[in-house]
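Down below is the structure, laid out as structure tokens.
The numbers here are math on the coordinates, done by the rules we state, and not lab data. These numbers were taken from a predicted model, which means no experiment stands behind them. With ideal geometry, Cβ positions are generated from the backbone for all residues, glycine too; neighbour counts draw on all protein chains shown.
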Amino acid sequence: MVNFATVTLNAQKGGDSKTGTASYYHSKFVGRKTANGETFSNTKYTAACNQYPLGTYLKVTNNKNGKAVYVKVNDRIGHPKRVIDLTHRAAKDLSFTNSGLANVTIEVVNSDLGQRRILAQTNDEGVSDNTL
């Protein structure tokens, strides 16, 4: 139990990153419960990811076009070949809803930054490293 708490704190500090394939949720999951008990919505900036603790904030960058979004991990992914499963809204912002998959880099960001960036995205202020 102590080790899990240590991992959670380290993941929230930032600096950890992974590259791999991203996909996005099917609409059949809308309204279902996520792993942390939240109700899933395809219009939020959340994600399923097995590499980081629930509640971790991530910056997800599409390696093909450089577009990035910020999401909160609130679920677990069932596909072993995917590093992350995003909401439709996040996938649309990354411009991969037509292809269904994208090569991405995911980076841990601190909770304060993650919350502010998600709020900015939700308010359609866009995401830029110069914002906030």
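By the beta-carbon count within 10 Å of each Cβ, the least crowded to most crowded order of 67, 59, fewest first, is 67, 59.
Sorting check: for 41-47, 100-106, which peptide has the highest mean count of neighbouring beta carbons within 10 Å, and how do the rest follow?
Peptide ranking by packing, descending: 41-47, 100-106.
Roughly speaking, what % of Cα-Cα pairs in segment 32-132 are separated by over 20 Å, rounded to a whole number? Here the tail beyond 20 Å accounts for 31 percent of pairs. Here, P(r) means the percent of Cα pairs in each 10 Å bin from 0 to the largest distance; for segment 15-84 it is 19, 57, 23, 1. Look at 32, 89, 117 and count the other Cβ atoms within 10 Å of each Cβ; fewest to most, that gives 32, 89, 117.
Which links in 33/81; 72/92; 44/72; 28/59; 18/67 stretch past 21 Å when you go from one Cα to the other?
Values: 33/81 23 Å; 72/92 16 Å; 44/72 9 Å; 28/59 25 Å; 18/67 16 Å.
Too far apart for the 21 Å limit: 33/81; 28/59.
Annotation: the residues 38, 107, sorted from fewest to most other C-beta atoms within 10 Å of their own C-beta, follow the order 38, 107.
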